[in-house]
Structure formats: C-alpha cells, structure tokens
1. What is the chain's relative contact order, in percent, from Cα pairs under 8 angstrom and six or more apart in sequence?
2. Please work out how much length the chain gains when fully extended from Arg40 to Arg321, using 0.36 nm per residue of separation minus the C-alpha to C-alpha distance, in nm with one decimal.
3. Counting only residues 5 or more places away or on other chains, whose amide H sits under 5 Å from the amide H of Ala14 once H atoms are built in the peptide plane?
4. Mind listing the phi-derived Karplus ³J(HN,Hα) values for segment 196-212, rounded to whole Hz, using 6.51, -1.76 and 1.60 with θ = phi - 60°, and x for any glycine or proline?
5. Using label points projected 7 Å from each Cα along Cα→Cβ, tell me how many nm separate Arg133 and Glu193, to one decimal.
6. To the nearest 20 Debye, how big is the dipole of the chain about its Cα centre, given +1 on the beta carbon of each Lys and Arg and -1 on that of each Asp and Glu?
7. For segment 31-124, what does the alpha-carbon gyration tensor say about shape, rounded, prolate or oblate, given a ≥ b ≥ c as the root eigenvalues, a/c under 1.5 as rounded, and a/b over b/c as prolate?
8. On a C-alpha basis, how far is the centre of segment 240-254 from the centre of segment 154-208 in Å? Whole number, if you could?
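The numbers here are math on the coordinates, done by the rules we state, and not lab data. As the structure is a prediction and not an experimental result, all values here were calculated from the model. Heads up, the Cβs are rebuilt from the backbone with ideal geometry, glycines too, and the neighbour counts pull from every protein chain shown.
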Amino acid sequence: MKVAIPARSDFETARLGECRFVSPFRASRFIDTEKRLLFRSDLDELRAQLDADVEPPSFELAGPREKIYFDPAELRCGIVTCGGLCPGLNDVIRSIVFCLHENYGVPTVYGFRFGYEGLVERYALAPIELTPRRVGQIHEIGGTVLGSSRGPQPVDQMVDTLERLGIRLLFTIGGDGTLRGAHSIVQEIRRRELGIAIVGVPKTIDNDISFIDMSFGFDTAVEAARQATRAAYVEASCARSGIGLVKLMGRDSGFIASFATLADTQVGVCLIPEVSFSIDDVVRAAERRIERDGFVVIVVAEGAGQHLLAEITECDASGNRRYADIGIHLRDQVKDAFRSGGRSVNIKYIDPSYMIRSLPANARDGNFCLRLGHAAVHAGMAGKTDTVVGSWRRRLTHVPIPLAVSSPKKVDIGGYLWQTVLAVTGQDTDSVGGR
C-alpha cells in the first residue's frame, strides 16, 4: 500500500521557542538547519511538483544544533517505555542517558516505570534516577529495565507529574499507541502553556510506523525469525510430505514475514495481512511445492487471514482489536484439507513470537539504537516537541507525531519487496500472491 503524499506543512516540526544557549556538545559538525531531506526521490514526481511551483515535501534532518533551547545545567528529563517488548529498548534508554549526562551535562534523568502508568500518581510507582553507571550494562539484556504497560492514562495527571518533578523534556519510546499518547500530552502541555518538550523514539517490531523506513528491533526480529524458518525447514524436509508452519509477528503489516522469507529461500508460501487468501489457496500452493520438493515451509503473519476466523470483538489495553490465532487455524485446516483429499501430511507448527521480541538487540540494531537515542536528545535539547526521530533513506530525521500516526505502514503488494517474495516462493499471483 502506497502512502499518500502529505502537504509540505505536514512535515514542519514544532518547537518550544528560540534557541538561545550555546550547545556544550562537542560535535565535529553541527546540522545545517536550512538543509532538508526529500520525502520522495522519484525524478518525475519532483519535476511535476517543481513545474507546478509546489515545494516538494521534505523532512527536517536530525542531529546536533549549535544553539539549543534548554539550559542543560537546570534541566530535568524523563524517559518512559510503553507497549509490547522489542529488542533494543534498553539500548535506547542507555543511549539517551549517556548522551544527556556526558554530552550535555544534564544532571537529572528519571525513568518512569511500567509505561504511562508510572506518570500517574495512583499507581505509586516512584521513578528511578538513571545514571550512566546504572544503565552501563543494560544493553546486554532484552526487555526494558523500566518495565512497560499498554493503554492510555489520564493526560492531566501525567502532566501534573511532569510539573511536580520539574521535568522539562520527556522521551517516549513506543509504537503508534505510545505516540498518540505523547501527542495528547503535548496538547495538554500547550493548553497549560508549559515549556515542556516531548520527543518520541519509534518502537515497533512490526516496522509499521509511516514515514519511517525502519524501526529499531526489526533487524533482530528478522534474524531470530530466520532461526524459526530454518527449524521448520529441517522438520519439514525430514518428513514425508512434511509441512513446516511458522507464525511470525505482524498484526496489520507483513514486513517481518516478508523479510524472513527472503532471508531463507526455503520458504514456499508467505501469507501477510495485506493479501487475502483462502484455505484452498494455501493448500494448492502447498501441494505444488510438495510435489516439486517433497515438503513445504509456510510463513504466516499473525494478522493474516483474519477474515477466515470468527471475529473477536474485545480489544487489548491499547485499544487494538484482539486477533484470533491464524497459526492454529491454518495448522488444523490445512491438515484436514489434505486428509479429506485422501493424502496425509506431517505438519510441525512453530510460534516463536515472545522469544523474538524478548531478545537483546543484535549488533546492527544496537548501533541503530545508539544513533536514535542521540538524535532524540539533540532534538529535545533544541526544543523540538511533538516529534519522533526516525530513519528515511539511511538519514535520521524529525517526523511530526501527527504525521507518523496518520496511517499504518503496510507492505506495497505492487512494490519491489512483495514482488521479490513472489519470485522467491513461486506463489500463484492469482491467489495467495495478491493480484
């Protein structure tokens, strides 16, 4: 699914005011605030916009500024992690703390415990003071040392806590629900006319936040998913008419499933939420692969095929509709379909979901987390607010939170990624291929 091109004004990053303090950050090069990164790089589109005298949409670049908004010596900061776990959360916390203390000389950084609940007084969750010594080794373990939770909390009470503790800069690490909560905090801050900045770091293992090409933890997740697909391959290839079925994360976007399929070309069928399919489609695709190779590996994203299941009306704490288990459904239905056709198959089902998201970040994600944490600090110190730091064509950018949460990012089934998946798996493009 292609993202609609927003207006130039939608990319403007909010800020608290004029930057009056000379930055203590000793950078070899500060960001030129006049330079921006184009949102689209297609030459024909750019020509059309320039011919129409329309300035092409572009991102503000992330990085250190020569002048900053806050006086570091008098600044108190906070960090909160929300939503589901994801590889790299501790890396981002550590990066932010080190950059604030060692590069800017900020004396006090609080970590709020168990998500937005830690900002509400009735939960009685005292914040933790974070120092470089305290966070020095946390990147070696998975999860978040601050804990996490889902769901909204009273915005007025959260801002009360920020005021009471003298927090002027809050970093929110989480997905679209966390970012929407951060935007609500910004709106309350504006209503009270307070000088508090809110900067987000995008955390989604599904990689489904728009206007950000890659979120931290995704690389680690794909690497771990590869272990599951390899196990499925071994199990399937060692059995007569073997089927290895792997369910991976991806509620509404099939990026993990797609990348994991490309990482291991033994996968014969890839099913994602963006492509509708029937059980008969899956069975036919599996039959063709079994006839050719003697076995098949099937990868399915957790949000795929929900139209085949009884709808669950209840929602989780974040307000997301709960999904039925497509993995179990596929396992049983495919086995029954083969049996009814007079043929038996040997199915091995693997669901590594929680094992994947609880891992520590790999080296590439660890590097990325450090850069994102530093970029978030630079943005906050410059008084940027209601913004999330992200990556676009390997450059770090500022993305206004309303733009980032405007719609979920999905796999473009006409794009290069999905077409490569089809080429690798040999799926029938008239059924499970998505045409």
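1. Numbers: 994 pairs, mean separation 99.1, N = 435.
Reported as a whole number, the value is 23 percent.
2. Details: separation 281, 0.36 × 281 = 101.16 nm, distance 3.27 nm.
Result: 97.9 nm gained on full extension.
3. Thr385
4. Rounded to whole hertz, the list is 10, 9, 10, 10, x, 10, x, 10, 8, 5, 7, 6, 10, 8, 6, 6, 9.
5. 4.3 nm
6. Working: 52 positive and 54 negative charges, 173 e Å.
Once rounded to the nearest 20, the dipole reads 840 debye.
7. In terms of gyration-tensor shape, prolate.
8. Between the Cα centres of segment 240-254 and segment 154-208 lies a distance of 36 Å.
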